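Below: the structure, in structure tokens.
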């Protein structure tokens, strides 16, 4: 992970200027390998670099184009940068580094703001276009990499972390409505607010564009991506869902092996991290190092599953045993690094795992959302049954009854059938009149 900061002067008025050195110092741990600053009369960009691709000084950021009209500060990795580089080289572009950052810069030169539609990865970056007096910033489709911003006085300020922006904010105020909804798990998906008033984050799958003009500066935020089921159906084989999912997952893991530094896996013993470990070792043939957090207390931890995966995959495993009595001592640090309250106690285990991993590797692969994607939590089960019933398919309807009988027993099945039985008449009527199930339900 790297750290990016910057600001744009929106008006030609005197006032306190953000201190980029101070902002970068706050995020020193994000990029211990290098530090860079670019400044002109309109814009200042800064970067703390964690070197992952092209460890040489050539990867220094902020990075300039050959004619020095474009300058970029970037955090993240575009995994398909090699394929994009070949495409750009075929168009006549010449590369001086082996970084994905230079690929982003030249992709912007070639395709403008549409370049992000070609990227496969996780990113937060800002490009200053000196000719157009335009700042172009973007955040990846799922918001893996952070991008916070604030408009105050004459400046638009952005950074990878809120605490960097707070070095410039005059009045620090808690956003209590957001805090309440955050803790109560009621924050709207498209909410761009944070725990601090007037500090926002760029939504996932969005670009931010600032056009500097003589009379008035324009700030635009616009989406570049949204989930489209029809496009997925055009691209992938829905008649072979298991095989298609498997191929996509293997390709995803393979792409993330593009690194010039050692990498490992944070292995929890759960569905996602276990799959990643098995793909790396059993399919891609990579000798991998795993890092796991273990608890001695019965019912807390998945050591038996971790041990099984490590044994099957013949990994070099590393274990750490967190002391739960230290939770409240570490809580302050957790909140500080998250830039907000910690809602899930799992962050405590992750703290120890990453502390252990940092001693041996620079990059870790981890799984997030596997249970959500594959309906792995028990509370998803009723929705699965509801989908079977709503399908108005006799076969799926019978499957729902079998599922209920298998998981709930005979007595519950009888009660459920009393409720569901009236649906049978709907099914028969729908098939009889040959109406589509969408219209009928």
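The values are calculated or read from the model by the stated rules, or taken from the named source; none is laboratory data. Quantities reported herein were computed from a predicted structural model and do not represent experimental measurements. All Cβ positions, glycine included, derive from the backbone under ideal geometry; neighbour counts span all protein chains shown.
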Filter the stretch 205-246 for residues that are over 16 Å from residue 10 (Cα atoms) and touching a residue at least 40 places away in the same chain (Cβ under 8 Å); the one that is surrounded by the most Cβ atoms within 10 Å (Cβ to Cβ) is 206
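If you take the residues of the stretch 321-380 that are touching a residue at least 40 places away in the same chain (Cβ under 8 Å) and more than 23 Å from residue 263 (Cβ to Cβ), which of them is surrounded by the most Cβ atoms within 10 Å (Cβ to Cβ)?
339
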So which of 249, 190, 202, 257 ends up being surrounded by fewer than 10 Cβ atoms within 10 Å (Cβ to Cβ) and either within 25 Å of residue 370 (Cβ to Cβ) or modelled with pLDDT of 85 or more (or both)? 190
Taking interchain pairs and intrachain pairs at least six residues apart, which have beta carbon atoms under 7 angstrom, with the first residue in the stretch 142-161 and at positive phi and at pLDDT 95 or above and the second surrounded by fewer than 22 Cβ atoms within 10 Å (Cβ to Cβ) and assigned to a loop (DSSP other than H, G, I, E, B)? none
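Give the stretch 30-45 a look and list any residue that's more than 21 Å from residue 164 (Cα to Cα) and crowded, with 23+ Cβ neighbours inside 10 Å, or say none. Steps first, please.
If we filter the stretch 30-45 for residues that are more than 21 Å from residue 164 (Cα to Cα), which is where we start, we get 41.
None; the set is empty.
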Of the criteria (1) at pLDDT 85 or above; (2) within 20 Å of residue 342 (Cα to Cα); (3) surrounded by 11 or more Cβ atoms within 10 Å (Cβ to Cβ); (4) outside the structural domain of residue 291 (by TED's automatic domain parsing), which one residue 266 fails: (4)
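Matching residues to (1) at pLDDT below 90; (2) over 30 Å from residue 200 (Cβ atoms); (3) outside any helix (DSSP H, G or I); (4) not assigned by TED's automatic domain parsing to the domain that holds residue 163:
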{"position": "299", "(1), (2), (3), (4)": "yes, yes, yes, yes"}
{"position": "325", "(1), (2), (3), (4)": "yes, yes, no, yes"}
{"position": "329", "(1), (2), (3), (4)": "yes, yes, no, yes"}
{"position": "341", "(1), (2), (3), (4)": "yes, no, yes, yes"}
{"position": "351", "(1), (2), (3), (4)": "no, no, no, yes"}
{"position": "360", "(1), (2), (3), (4)": "no, yes, yes, yes"}
Examine the stretch 46-61 for a residue that is touching a helix residue (DSSP H, G or I) at 6+ places or on another chain (Cβ under 9 Å), crowded, with 23+ Cβ neighbours inside 10 Å, assigned to a loop (DSSP other than H, G, I, E, B) and assigned by TED's automatic domain parsing to the domain that holds residue 108, and state whether such a residue exists. yes
All but one of (1) surrounded by fewer than 18 Cβ atoms within 10 Å (Cβ to Cβ); (2) in a helix (DSSP H, G or I) hold for residue 295; state the number of the condition that does not hold. (2)
